[in-house]
1. Scan the stretch 29-45 residue by residue and report those that are at pLDDT 95 or above and exposed (fewer than 14 other Cβ atoms within 10 Å of the Cβ).
2. For the stretch 65-76, check the following and say yes or no: at least one residue is part of a loop (DSSP other than H, G, I, E, B), within 16 Å of residue 93 (Cβ to Cβ) and in contact with a strand residue (DSSP E or B) (Cβ under 9 Å, 6 or more places away or on another chain).
3. Given the conditions (1) of a type outside the set (Asp, Glu); (2) more than 27 Å from residue 1 (Cβ to Cβ); (3) under 12 Å from the mean Cα position of the chain (by Cα), report the number of the one that residue 96 does not fulfil.
4. Going by the structure shown, is residue 83 out of contact with any Phe, Trp or Tyr (no Cβ under 8 Å at 6 or more places or on another chain), touching a residue at least 24 places away in the same chain (Cβ under 8 Å), part of a strand (DSSP E or B) and not hydrophobic (A, V, I, L, M, F, W, C)?
5. Tell me which residues, restricted to the stretch 86-114, are assigned to a helix (DSSP H, G or I), out of contact with any Gly (no Cβ under 9 Å at 6 or more places or on another chain) and not hydrophobic (A, V, I, L, M, F, W, C).
6. Just to be sure I understand the filter: pairs with C-beta atoms under 7 Å, separated by 6 or more residues or on different chains, first member in the stretch 65-79 and modelled with pLDDT of 90 or more, second member hydrophobic (A, V, I, L, M, F, W, C) and exposed (fewer than 10 other Cβ atoms within 10 Å of the Cβ). Which pairs pass?
7. Which of the residues that make up the stretch 86-108 are over 19 Å from residue 46 (Cβ atoms) and touching a residue at least 12 places away in the same chain (Cβ under 8 Å)?
8. Does the stretch 25-84 hold any residues that are of a type in the set (D, E, K, R) and under 18 Å from residue 98 (Cα atoms), and which are they?
Amino acid sequence: GKGGKGGKGGKGGKGGGGGGGGKGRGATSGDPMCKVFVSNLSWYTGNQELGDFMSEVGHVVNVEILTEGGVPGGRSKGCAFVEFASHDAALSCVARLHDSWLGDRQLAIREFRP
């Protein structure tokens, strides 16, 4: 086995920065610095489950699982964009959750490059 994950050191209170002015959602909106790209997802992992998993490292603003043909609710392509409230959260997601397991898959997580 892989040895447990070690306790989650307390989440020091980092005041969240004020949210940016209302931006339309969608793959190209939001702050690219706050996004990560997740691949090797199980095809049955949904937005909610992925968002809950990622919120371990910071406040998740948006989860977008890519689907065949870009159809909402279509078959998952096994990858997703996750947007956090801060760049720090996105960085710590890459640092802490890359190679972690969700369901039966080991996730690959990297910083989003527009």
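The values are calculated or read from the model by the stated rules, or taken from the named source; none is laboratory data. A quick note: this is a predicted structure, and the numbers were derived from the prediction, not measured. Positions of Cβ are backbone-derived with ideal geometry, glycine not excepted, and every protein chain shown enters the neighbour counts.
1. Within the stretch 29-45, 40 is the sole residue that qualifies.
2. Within the stretch 65-76, the subset part of a loop (DSSP other than H, G, I, E, B) is 71-75.
From the residues that got through so far, the ones that are within 16 Å of residue 93 (Cβ to Cβ) too are none.
Checked the stretch 65-76: no residue is part of a loop (DSSP other than H, G, I, E, B), within 16 Å of residue 93 (Cβ to Cβ) and in contact with a strand residue (DSSP E or B) (Cβ under 9 Å, 6 or more places away or on another chain).
3. Checking residue 96 against (1) of a type outside the set (Asp, Glu); (2) more than 27 Å from residue 1 (Cβ to Cβ); (3) under 12 Å from the mean Cα position of the chain (by Cα), the one that fails is (2).
4. yes
5. Answer for the stretch 86-114, where residues must be assigned to a helix (DSSP H, G or I), out of contact with any Gly (no Cβ under 9 Å at 6 or more places or on another chain) and not hydrophobic (A, V, I, L, M, F, W, C): 87, 96.
6. none
7. In the first step, residues of the stretch 86-108 are kept if they are over 19 Å from residue 46 (Cβ atoms); the result is 86-92, 94-96, 98-99.
Result: 86, 87, 88, 89, 90, 91, 92, 94, 96, 98.
8. The first filter runs over the stretch 25-84 and keeps only residues of a type in the set (D, E, K, R), leaving 25, 31, 35, 49, 52, 56, 64, 68, 75, 77, 83.
Correct list: 35, 49, 52, 56, 64, 83.
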